[in-house]
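Below is one structure; the comments refer to it alone.
The values are calculated or read from the model by the stated rules, or taken from the named source; none is laboratory data. A quick note: this is a predicted structure, and the numbers were derived from the prediction, not measured. Cβ coordinates were reconstructed from backbone atoms using ideal geometry, including for glycine residues, and neighbour counts include every protein chain displayed. All accessible areas refer to the heavy atoms of the entire protein, side chains included, with ligands and DNA or RNA removed. Shrake-Rupley method; radii C 1.70, N 1.55, O 1.52, S 1.80 Å.
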Amino acid sequence: VTATSGERLARLLALVPWLVRNDGVTIADCAAHFNVTEEELERDLWLLVVCGTPGYGPDQLVDIDFWDEGVIHVLDPQTLERPLRLTHEESMTLLLALRMLAQLPGISDRDAIVTAAAKIEQNASEVASARFVAVQVEVLPEVRAAVDAALIGHRELALRYAAATRDEVTERIVEPIRVLAVDGIGYLEAFCQSAGALRTFRLDRILSADVGAPIGETVERPSPAAPEQEPVTATLRLAPSARWVIDVHSGTEVAHEGPDTLVRLPLLSLDWGVRLVLSLGGAATVREPVELRAAVADAAEAALAGYPREVP
Amino acid sequence: VTVTGRAREQAPPQDFDIASFGTAESDERVRARVRVSPGRAASLRRRAVSDDAWTADEIVVEGASVEALASQICATGPDVVVLEPDDVIHAVRAGLAAVAAAHRSEESQ
């Protein structure tokens, strides 16, 4: 077994406190406990006995007796007799991750997560802020329950989904594969039968979900639709008040024009691009493509036409 | 914000809970009544505070400010027309007019 030096260091640090509490354990049992060979364990022990605190004199080194009768005795653990504790940052990071995980649908062993989180919280109890660590994945309770049931029972899901690309509610049958969380947003990855391809759905955009037939038992499957269109890229001129668009929508700055920024932005669809530019109320101007520029102008004018002429 | 003392001199109020503070809805929400084309503007309908938002022709939407609400409404283009209140109507019209001007004029090419 080849392990990284990081894994070995973690094992070395865990080894001493464990040996202190299991005085007289055999090399074979200890190796089995740490899931290493006896040779690897002996290499670890040889390394430990030349480790110590600064000064590194004979009385400042870890002293372990392991050459008599195949049993191990720690004679001097130096400062390593207590197990390492998580730092405040490590505890908080783990807590956040576990609480996020516990909120996702399709988790089969939620109890284990809750128990683990409780242990960490208890451990970090002197830092009172542990109880302020709360995470909420935005998803309707009934959707969560349905996704849960479908994932665990390997069943199809009938989704009503508010698609971002067209600002419409679409209905589709999907075969759920897994749930993931990225940057605090939950997603369902599934095979979409209507598209004939893998799709990712934001959990907070799923309006309703109904559990259907077991996966694989559907006789009729619509032929795969045409693949999604090639991604369109647009060039926009952004005023300072619209600069946030670069970060939120993964744009690339190409140039600066006075206080404004010229950016290239991937578009989910032309329609999505139109809505983005409209929402920015003049703080963004489309340079390219021409179709987007024209579509924005048309949409803005059509929208204005819905209001009575303003009295000057 | 005014400095009144050193850090940690002030105890947080007894009933303060940072978890609910961060997610608390501001009291000052802005509402607007809008007309929506059938089957359109899903993004606005899912935020509606009125009943039957998925089928209704008129819905009530809410935002953190006039500007924020106007921005969301502008995004829906001709699918949505604001019926009231006046400040939201004005903000939406101003936003749309600015977009139209920026995309029809030659100088911004």
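Note on B:78-88: average number of Cβ atoms from other chains within 10 Å of each residue's Cβ is 2. Rounded to the nearest 10 square angstrom, A:Arg11 shows an accessible area of 40 square angstrom against a 1.4 Å probe. Rounded to the nearest Hz, the phi-derived 3J(HN,Hα) couplings of the stretch A:140-150 under the Karplus curve 6.51 cos²θ - 1.76 cosθ + 1.60 (θ = phi - 60°) are 5, x, 6, 5, 4, 4, 5, 5, 3, 5, 5, where x marks glycine and proline.
Distance between the C-alpha centers of the stretch A:40-103 and the stretch A:1-31? Whole Å please. Rounded to whole Å, the Cα centres lie 8 Å apart.
As a calculated quantity, the FRET efficiency between A:Thr4 and B:Asp15 at R0 = 45 Å, using C-beta atoms, amounts to about 0.40.
Solvent exposure of the protein assembly as shown amounts to 58 Å² per residue of accessible area, where only protein heavy atoms count and the probe is 1.4 Å. Going from the chain on its own to the full set of protein chains, the stretch A:246-292 has these residues losing 30 Å² or more of accessible surface (heavy atoms, 1.4 Å probe, no ligands, DNA or RNA): A:Arg275, A:Leu278, A:Ser279, A:Gly281, A:Gly282, A:Thr285, A:Arg287. A:Val248 contributes an accessible area of around 90 Å² to the protein surface, as traced by a 1.4 Å probe with all chains present. For A:Val137, the shell of other residues with beta-carbons less than 10 Å away shows a net charge of 0, using +1 for Lys and Arg and -1 for Asp and Glu.
Here is the interface size for A with B: some 3000 Å² of accessible area buried, both sides summed, with a 1.4 Å probe. For the segment A:293-300, counting C-beta atoms of other chains within 10 Å of every residue's C-beta and taking the mean gives 6. Carbon-plus-sulfur accessible fraction, the protein assembly as shown (probe radius 1.4 Å, protein heavy atoms only): 53%. The residues packed around A:Ser279, meaning those with a beta-carbon under 15 Å from its beta-carbon, carry a net charge of 0 if Lys and Arg are +1 and Asp and Glu are -1.
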